[in-house]
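The structure under discussion appears below in the form of structure tokens.
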Amino acid sequence: MNRQRVDLLEMIWPETGLQVTTTAPNKARDALTEDDQIELSLDFVTLSLTPTEFIQLAASLRLSVDSLLDHHPSLQPAVVAAFDVKM
């Protein structure tokens with residue numbers, strides 16, 4: 001079994017120190033299946049998710065941010081800054 005992984009994201013947010021790393025199996029283009037695991041590490045917690053679960057988590061986080069902004073629109077500058085990160 002191929003255990004090599006590719007880094008999709010590895011960063012430390014300078015404002016908070018939050019360390020985020022995302023890795024996926026190193027497979028040929030479009031060869032990822034629901035049997036594979038995407039690993040999302042947030043500081044010291046690692047989640048292993050299927051590709052669909054990873055996408056669903058990302059969507060739910062986006063929806064949660066939208067709801068948070070509905071209640072606290074003053075956080076909008078933080079959202080703009082977070083999505084303006086240059087990699």
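The values are calculated or read from the model by the stated rules, or taken from the named source; none is laboratory data. Computed from a predicted model, the values in this text were never measured in an experiment. Neighbour counts are summed over all protein chains in view; Cβ atoms, including those assigned to glycine, are modelled from backbone coordinates with ideal geometry.
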(message) Name the residue that is nearest to Asn26 (Cα to Cα), counting only residues in the range 54-87 that are touching a strand residue (DSSP E or B) at 6+ places or on another chain (Cβ under 8 Å) and modelled with pLDDT of 95 or more.
(response) Phe54
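Could you tell me whether any residue of the range 46-53 is part of a loop (DSSP other than H, G, I, E, B) and of a type in the set (Val, Ile, Thr)? It would help to see each step written out before you state the result.
If we filter the range 46-53 for residues that are part of a loop (DSSP other than H, G, I, E, B), which is where we start, we get 50.
Checking the rest, the ones that are also of a type in the set (Val, Ile, Thr) come to 50.
There is at least one residue in the range 46-53 that is part of a loop (DSSP other than H, G, I, E, B) and of a type in the set (Val, Ile, Thr).
Can you tell which of Leu32, Leu40, Leu61 is touching a helix residue (DSSP H, G or I) at 6+ places or on another chain (Cβ under 9 Å) and not in a loop (DSSP other than H, G, I, E, B)?
Values: Leu32 fails: not in a loop (DSSP other than H, G, I, E, B); Leu61 fails: touching a helix residue (DSSP H, G or I) at 6+ places or on another chain (Cβ under 9 Å).
Exactly one of Leu32, Leu40, Leu61 is touching a helix residue (DSSP H, G or I) at 6+ places or on another chain (Cβ under 9 Å) and not in a loop (DSSP other than H, G, I, E, B), namely Leu40.
Name the single residue that is surrounded by the fewest Cβ atoms within 10 Å (Cβ to Cβ) among those in the range 35-59 being of a type outside the set (A, V, I, L, M) and under 24 Å from Gly17 (Cβ atoms). Let's see the steps before the verdict.
Restricting attention to the range 35-59, the residues satisfying the condition of being of a type outside the set (A, V, I, L, M) are 35-37, 39, 41, 43-44, 46, 48, 50-54, 56.
Then keep just the ones that are under 24 Å from Gly17 (Cβ atoms); that gives 39, 41, 43-44, 46, 48, 54.
Working: Glu39: 16, Ser41: 16, Asp43: 11, Phe44: 6, Thr46: 11, Ser48: 12, Phe54: 19.
Ranking the qualifying residues of the range 35-59, first place goes to Phe44.
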(request) Just need a number here: residues in the range 35-67 that are in contact with an Asp or Glu (Cβ under 7 Å, 6 or more places away or on another chain) and farther than 18 Å from Val6 by Cβ. (result) 1
(request) Kindly list the number of the only condition in (1) modelled with pLDDT of 95 or more; (2) surrounded by fewer than 13 Cβ atoms within 10 Å (Cβ to Cβ); (3) not hydrophobic (A, V, I, L, M, F, W, C) that fails for Asn2. (result) (1)
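Name the residue that is surrounded by the fewest Cβ atoms within 10 Å (Cβ to Cβ), counting only residues in the range 60-87 that are of a type in the set (A, V, I, L, M) and either under 16 Å from Thr22 (Cβ atoms) or touching a Lys or Arg at 6+ places or on another chain (Cβ under 9 Å) (or both).
Quick first cut of the range 60-87, residues of a type in the set (A, V, I, L, M) only: 61, 63, 65, 68-69, 75, 78-82, 85, 87.
So of that shortlist, the ones also either under 16 Å from Thr22 (Cβ atoms) or touching a Lys or Arg at 6+ places or on another chain (Cβ under 9 Å) (or both) come out as 61, 82, 85, 87.
Details: Leu61: 10, Ala82: 11, Val85: 9, Met87: 5.
Filtering the range 60-87 for residues that are of a type in the set (A, V, I, L, M) and either under 16 Å from Thr22 (Cβ atoms) or touching a Lys or Arg at 6+ places or on another chain (Cβ under 9 Å) (or both), the one surrounded by the fewest Cβ atoms within 10 Å (Cβ to Cβ) comes out as Met87.
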